[in-house]
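Take a look at the structure below.
The values are calculated or read from the model by the stated rules, or taken from the named source; none is laboratory data. No experiment lies behind these values; they were computed from the predicted model shown. Every residue, glycine as well, gets a Cβ built from its backbone with ideal geometry; the counts of neighbours run over all protein chains shown.
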Amino acid sequence: MTTRTPSQERTFNAINGWLPLLGTFAAWAALIAYLIVQVSHEPERHPLFWVVFGLSILVSLISLFGYFLVNPNTSRVLVLFGKYRGSVRTDGFFWTNPFTIKHKVSLKAHNIASEKIKVNDLSANPIEIGAVVVWQVNDTAQASFDVENYFEYVDVQIEAAVRTLAKEHPYDDRFDDSDVPSLRGDTEGVTQKLQNMLQERLERAGLAVIEARISHLAYAPEIASAMLQRQQASAVIAARKLIVEGAVTMVEDALEQLSAREVVELDAERRATLVGNLLVVLCGGQAPTPVLNTGSLYN
């Protein structure tokens, strides 16, 4: 397969259209005046005169097709007999060869939101993901000649890049032991990677990616409830772990202060009972109900 050299934009210096337009009007006025004078003096003019006069009018009419406008943030890609002549980015009124085809290409920023795509993440969990991409034409020649339709090309490449990104990262790092950043945990890193992937894919069409963001990210409906329960269980475990760590620290401090102040001397059994009671009070989910012991600890 032969690799085709990418097209490259070049500037075309078009002629300002006002001077040729004034020249065309002046030529029409001169021809009409000359016709009136000649017909008034010689009504039966030679047929060759009418042929020349008709051709002059035809040429002046054809020249009108050479005029074109370039609005702000737009460009014109000029093609003459199948050959690329250049692009005009300067806004204004211009004239060129009337047989030149003038393709209009917008240089404005385009905003596109992809459809929600269902794909499996790195952990094989089905998720839904979508992206918003801001892009614009950077090279008008590549956008016009190197791809069939650069708007459709952008749509397809965005979907392909989002699918690839989702397959290379887990949805949430809390449920994955890999070192790969998650889609939820490392938003900036994932966004930058998505933008780089899109820029690499759209380079062929002469397009520049200004910004790329993930607009939608969620588990697929069939596992959403199960993953929600998993998240809730993980949150409960994390909370209990934090409570236990704090309770152990408070018990250690209490025992150290009791010993330091010599409030009471505790043997091993009394210390175990005190530790158990404190942990029950501190780790319990409800307010404790005190029980008064009027006898000894051992009866």
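Here are a few things to note about the model shown:
- Evaluated against (1) of a type in the set (D, E); (2) touching a His at 6+ places or on another chain (Cβ under 9 Å); (3) surrounded by fewer than 15 Cβ atoms within 10 Å (Cβ to Cβ), D121 falls short on exactly one condition, (3).
- Residue match in segment 153-170 (condition: under 19 Å from R204 (Cα atoms) and of a type in the set (D, E)): yes
- Test result for S114, crowded, with 18+ Cβ neighbours inside 10 Å, touching a Phe, Trp or Tyr at 6+ places or on another chain (Cβ under 9 Å) and outside the structural domain of Y84 (by TED's automatic domain parsing): no
- The number of residues in segment 174-183 being touching a strand residue (DSSP E or B) at 6+ places or on another chain (Cβ under 9 Å) and either in a helix (DSSP H, G or I) or surrounded by fewer than 17 Cβ atoms within 10 Å (Cβ to Cβ) (or both) comes to 0.
- The set of residues in segment 139-173 being assigned to a loop (DSSP other than H, G, I, E, B) and closer than 14 Å to A208 by Cβ consists of D139 alone.
- Condition check for V209: assigned to a loop (DSSP other than H, G, I, E, B) and either surrounded by 15 or more Cβ atoms within 10 Å (Cβ to Cβ) or of a type in the set (A, V, I, L, M, F, W, C) (or both): no
- Residue match in segment 145-161 (condition: surrounded by 14 or more Cβ atoms within 10 Å (Cβ to Cβ) and touching a residue at least 60 places away in the same chain (Cβ under 8 Å)): yes
- Residue match in segment 164-172 (condition: in contact with a His (Cβ under 9 Å, 6 or more places away or on another chain), surrounded by 15 or more Cβ atoms within 10 Å (Cβ to Cβ) and under 30 Å from S7 (Cα atoms)): no
- Among strands (runs of 3 or more DSSP E) entirely within segment 50-138, having at least 3 residues that are within 22 Å of R213 (Cβ to Cβ) singles out 110-113, 117-120, 126-137.
- Hey, A218 under 20 Å from V132 (Cβ atoms), at pLDDT 70 or above and not in a loop (DSSP other than H, G, I, E, B) or not: yes
- Number of the condition not met by V105 [criteria: (1) under 24 Å from the mean Cα position of the chain (by Cα); (2) surrounded by 15 or more Cβ atoms within 10 Å (Cβ to Cβ); (3) more than 30 Å from L22 (Cα to Cα)]: (3)
Here's the yes/no breakdown for (1) surrounded by fewer than 17 Cβ atoms within 10 Å (Cβ to Cβ); (2) of a type outside the set (D, E, K, R):
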site	(1), (2)
T140	no, yes
V190	no, yes
N196	yes, yes
E200	yes, no
E203	yes, no
H216	yes, yes
